[in-house]
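Enquirer: Got a structure here, written out as structure tokens. Questions coming.
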Amino acid sequence: VTFDPRYDIPQAEQRQKLEVLDRVSQRQAVASEAMDRMTKAKESIDAVLELLDEDDSTNAELKEAGDSLKTRIDEVREEFTGPQDLQGFVQTPNTVLSKLGDAIGGLASYWGAATPSQMTYLQHAETRLQHAIDQVNQVLAEFAEFRNQASDLNLTVIKEVESLTIDWRPER
């Protein structure tokens, strides 16, 4: 397959564009992994809460911590996707996925090397992603505390969920 002959774009510019597109793709993978880790944490919390005896007052603190943490996880998930309990089309221009979409849309609009404007969109997306990852890691630290509390009660159904960085890459 050859490049469209109507465009005279040097191979170095094409290579630079591919590198930027790879970077955006990696950032999308990080956002997806963050969502997956929060989902795993929430499922683990639900598993522990199912095992708790409702009538046992010693479990009340753990139940309250679990419920609070699940609410916090939902709040952080909205940093990525926007509100989930609304009907219809909702504009969420400041979510991580929206910012990444803006970056991809800009990059896809021109075949040549990434323009300064396109790079600015990517930088805004990365800044938003980093802020959201910081919140994810804070929630996962709270989850680790919940996990320790559950272990103290011999409830070991919770698997550890590790923190994340913006440069994370899946294991191959």
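Enquirer: With the structure loaded, tell me whether residue 22 is open to solvent by 60 Å² or more (accessible area, probe 1.4 Å), under 18 Å from residue 164 (Cα atoms), assigned to a helix (DSSP H, G or I) and not β-branched (Val, Ile, Thr) or whether it fails that test.
Expert: no
Enquirer: Restricting to the stretch 25-51, and then to whatever is touching a residue at least 24 places away in the same chain (Cβ under 8 Å) and either over 23 Å from the mean Cα position of the chain (by Cα) or not in a helix (DSSP H, G or I) (or both), can you tell me which residue is farthest from residue 109 (Cα to Cα)?
Expert: Only one residue fits best here, namely 51.
The values are calculated or read from the model by the stated rules, or taken from the named source; none is laboratory data. Owing to the predicted nature of the structure, the values given are computational and were not obtained by experimental measurement. Cβ sites come from the backbone with ideal geometry, for glycine too, and all protein chains shown count toward neighbours. In case anyone asks, the SASA skips ligands and DNA or RNA and just uses the protein heavy atoms, side chains included. Shrake-Rupley method; radii C 1.70, N 1.55, O 1.52, S 1.80 Å.
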